[in-house]
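The values are calculated or read from the model by the stated rules, or taken from the named source; none is laboratory data. Nothing here was measured: the structure is a model prediction, and the numbers come from that model. Please note: Cβ atoms are built from the backbone with ideal geometry, for glycine as well, and neighbour counts cover all protein chains shown. To get the accessible areas, we keep the full protein, side chains included, count just its heavy atoms, and leave off ligands, DNA and RNA. Shrake-Rupley method; radii C 1.70, N 1.55, O 1.52, S 1.80 Å.
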Amino acid sequence: MKKLYLNTGGFNAIFNDLKDSFDGELEINNNEYRLHVKSKWAKGTITAVRFEKEMSYLNFNLVFNSEVTLSIESLQTSPVFFAYCERGTLTHSFGANGERKHVKEQQTAILHNTSVINTVLFFESHKQIQFSLIGMPTAVSVNEDNLELVSQIKKRFTTESGQYLYIGSKNQKITEKLTELKRIPQKGIVKSLLQKSILNSIIEMEVAQHSYNYMKTFEPILNLATEIKRISNINIADVIIAAGLASRNYLPRIFKEKYHLTYKPYNQKLAS
């Protein structure tokens with residue numbers, strides 16, 4: 001097993017640590033990073049885009065030749081990370097001996113850690129792992145346009161304990177945005193502006209999806225529930241998820257808030 005440690009530092013320091021750890025080749029072009037790895041430890045690429053004091057985006061596409069643990073210190077910028085697993089399984093714990101949680105293919109994880117306990121990621125050997133990671137700082141000065149967004153992120157995804165972890169199904173609309181992000185044909189400043197716009201929209205969707213105000217989005221659909229029951233045996237959960245509005249994890253909470261009832265029996269009645 002190979003054990004890696006990432007100490008608190010800037011983006012350049014983090015990528016240089018990764019380069020040294022995996023014996024890779026690092027390319028830096030303005031705010032874009034590409035680490036090519038082909039060594040006895042692993043094979044693949046780590047790419048990233050960094051926007052100063054705003055956000056960062058990383059994509060990992062690797063096959064490790066042995067089991068690897070990556071221990072990460074809390075960053076001074078106190079970012080909230082949004083992780084999207086595209087292939088394989090990503091395993092996380094707070095501390096090396098903490099409870100391990102698995103983020104599987106087509107799942108999302110949201111992570112925040114300001115405690116003295118490191119964030120630890122575990123990677124299996126000889127299995128491809130591909131995931132995207134968006135980091136949004138919450139403890140740095142931000143421009144006026146992002147003040148409200150950062151405030152909402154801190155409200156939804158931070159805790160007094162300093163540790164927050166959510167794992168759930170991936171939102172289809174966010175999946176489409178991530179695909180769009182990877183296929184931007186433009187170059188230079190135009191590409192950078194488009195990347196920033198797409199990343200902002202993804203984070204805004206996550207905030208909306210986890211906000212109780214998101215109930216407003218569902219009300220028109222929920223108010224049609226009686227009519228749907230009368231004319232069809234359509235499963236309302238499948239309708240909402242297909243529309244990219246939310247994963248199944250949100251429906252029980254929304255129904256409880258709206259109707260003060262448990263969701264599962266209600267949904268079964270709709271289909272009856």
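Along the range 169-175 the Karplus relation, 6.51 cos²θ - 1.76 cosθ + 1.60 evaluated at θ = phi - 60°, assigns HN-Hα couplings of 6, 6, 6, 4, 5, 5, 4 Hz to successive residues, with x for each Gly and Pro. Note on His126: accessible area approximately 130 square angstrom, rounded to 10, probe 1.4 Å, nucleic acids and ligands left out.
Multiplying the residue separation of Val190 and His36 by 0.36 nm and subtracting their alpha-carbon distance yields 52.9 nm.
Looking at the range 30-160, the accessible area is 48 square angstrom per residue; that uses a 1.4 Å probe and ignores ligands, DNA and RNA. Projecting the Cα atoms of Thr91, Pro185, Pro79 onto the charge dipole of the range 74-194 (Cβ charges, centred on the Cα centre) puts Pro185 farthest toward the positive pole. Projected onto planes of every orientation and averaged, the convex hull of the alpha-carbon atoms in the range 1-97 covers 6.4 nm². Once the Cβ-Cβ distance of Ser66 and Glu160 is raised to the sixth power relative to R0 = 25 Å, the FRET efficiency obtained is 0.10.
Inter-label distance, Ser211 to Glu27: 3.9 nm, where each label sits 7 Å from its Cα along the C-beta direction. Assign one of three labels to the range 131-195, namely rounded, prolate or oblate, based on the Cα gyration tensor with a ≥ b ≥ c the square roots of its eigenvalues; rounded applies when a/c is under 1.5, prolate when it is not and a/b is larger than b/c, and oblate otherwise. Because a/c hits 1.5 or more and a/b fails to exceed b/c, the range 131-195 counts as oblate. Extension gain, Ser197-Arg87: 0.36 nm per intervening residue step, less the Cα-Cα distance, totals 37.1 nm.
Return the carbon/sulfur percentage of the accessible area of the range 83-177, one whole number, probe 1.4 Å, all protein chains in place. It is 46 percent, rounded to a whole number.
Would you please classify the overall shape of the range 65-141 from the alpha carbon gyration tensor, given that a ≥ b ≥ c denote the square roots of the eigenvalues, rounded means a/c under 1.5, and beyond that prolate means a/b larger than b/c while oblate covers the rest? Since a/c reaches 1.5 but b/c is at least a/b, the shape of the range 65-141 is classed as oblate.
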